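Contents: one structure, followed by commentary.
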Amino acid sequence: MAVEAGAAATLTGLVFVAVSINLNRIVTIPGLPGRAAESILQFLGVFFISTVALIPGQSERILAVEFLVIGTVLWIAQVVGIVRYLRLRTGHPRTWWLRRAVLSQLATVPFLIAGVALLLEAPGALYWLVPGFILSFVAGVISAWVLLVEILR
């Protein structure tokens, strides 16, 4: 978990650098400020989940509630961001919106499943964190790539 937290913190910093380097372009292109926020949320989600999982001596019930709170906040924020992007009517292909929506959901929902599974004392509940971590990193890196490289095309 410590490695995940460190990697997530580092990647969050990368996105902040990408945004600061390309800020003028990002704010002028519809949908990109939200994409930057999405990327930061993906990495911060992994950071927060990993951090609370590292707290020694807490009960599984408390850990489950922490996963559920963090996962719910992430999920709501991502849904709001995706709906706002859809409402912008940017002229971008619908597949862009669909890919972003699906990937953000696939990255966030495993944290909620881990929380519910822990509450239900299901064996292997923490294994649900693995796809959440991997997909959060994938989604965040794709958005960071857009903010660093694709924006310059």
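Here are some notes:
- Subset of region 87-104 that is free of Cβ contacts under 8 Å to residues at least 60 places away in the same chain and crowded, with 16+ Cβ neighbours inside 10 Å - its residue that is farthest from GLU60 (Cα to Cα): TRP97
- Residue check for ALA107: among the aliphatic types (A, V, I, L, M) and modelled with pLDDT of 95 or more: no
- Test: residue in region 39-46 that is open to solvent by 30 Å² or more (accessible area, probe 1.4 Å) and either among the basic types (Lys, Arg) or without any contact (Cβ under 8 Å) to a residue 24 or more places away in the chain (or both): no
- Taking region 22-60 as the range and being outside any loop (DSSP other than H, G, I, E, B), closer than 30 Å to LEU126 by Cβ and over 21 Å from the mean Cα position of the chain (by Cα) as the test, only GLU60 passes.
- Meets criteria (assigned to a helix (DSSP H, G or I) and either without any contact (Cβ under 8 Å) to a residue 24 or more places away in the chain or open to solvent by 70 Å² or more (accessible area, probe 1.4 Å) (or both)) for ILE76: yes
- Residues in region 122-132 that are in contact with a helix residue (DSSP H, G or I) (Cβ under 7 Å, 6 or more places away or on another chain) and open to solvent by 60 Å² or more (accessible area, probe 1.4 Å): LEU126, TRP128.
The values are calculated or read from the model by the stated rules, or taken from the named source; none is laboratory data. None of the values given here were measured: they were computed from a predicted structure. Neighbour counts are summed over all protein chains in view; Cβ atoms, including those assigned to glycine, are modelled from backbone coordinates with ideal geometry. Note: areas computed on protein heavy atoms with side chains; ligands, DNA, RNA excluded. Shrake-Rupley method; radii C 1.70, N 1.55, O 1.52, S 1.80 Å.
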